[in-house]
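Below: the structure, in structure tokens.
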Amino acid sequence: MPRVALVTGANGGIGRVLVARFEEAGIAVAALDLDPSVGALASDVDGARVHPIVVDLTDVAAIEDALGEVADVLGPVDVLVNNAGVMHKKA
């Protein structure tokens, strides 16, 4: 069973790079993001699977559901990257 990384904010610039690098290293990735277009990251190449999950990280129940899905689909998480964030622009 491959190692598993969980990346929050997976659909942003840094998140996409992290997902790609983990995948290149043969590590399965749970790619979590609020943006539904995170689904475009889905892949399964040489056992390095990217499993996207749309989740609101401000919703505890949604997080618990997402973590259960990660465990069921990919297995236990070995690496956690808390990359999600919000940028507020001032006028």
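Among the protein heavy atoms of the chain, carbon and sulfur supply 56% of the accessible surface, probe 1.4 Å, non-protein parts ignored.
By DSSP, the beta bridges lying fully in the chain are antiparallel in about 20 percent of cases. Computed from Cα atoms, the angle from the helix 60-73 axis to the main principal axis of the chain rounds to 20 degrees.
Once every DSSP H run of n ≥ 4 in the chain is given -39500 (n - 2.57) and the sum is divided by its residues, what mean residue ellipticity at 222 nm do you get, rounded to the nearest 500 deg cm²/dmol? Please report the intermediate quantities before stating the final value.
Details: 2 runs with 26 residues, N = 91.
Calculated at 222 nm, the ellipticity per residue is -9000 deg cm²/dmol.
Report, to one decimal in Å, the Kirkwood hydrodynamic radius for segment 1-54 based on all distinct Cα pairs.
For segment 1-54, the Kirkwood estimate is 10.4 Å.
About its Cα centre, the chain has a charge dipole of approximately 480 debye under the convention of +1 per Lys or Arg Cβ and -1 per Asp or Glu Cβ, with nothing else charged. Normalised by the number of residues in the chain, the average gap of Cα pairs under 8 Å and 6 or more apart makes the relative contact order 33 percent. Overall dimensions of the chain, expressed as equivalent-ellipsoid semi-axes from the Cα gyration tensor (√(5λ), whole Å, largest first), are 22, 15, 10. Ranked from largest to smallest solvent-accessible area, with a 1.4 Å probe on the protein heavy atoms, 49, 21 come out as 21, 49.
Rolling a 1.4 Å probe over the heavy atoms of the protein chains gives the chain an accessible area of 61 Å² per residue.
The values are calculated or read from the model by the stated rules, or taken from the named source; none is laboratory data. Only a predicted model underlies this, so the values are computations on that prediction, with no experimental measurement involved. So basically every Cβ, Gly included, is an ideal-geometry build from the backbone, and we count neighbours across all protein chains shown. Keep in mind that these areas ignore ligands, DNA and RNA; they rest on the heavy atoms of the full protein, side chains included. Shrake-Rupley method; radii C 1.70, N 1.55, O 1.52, S 1.80 Å.
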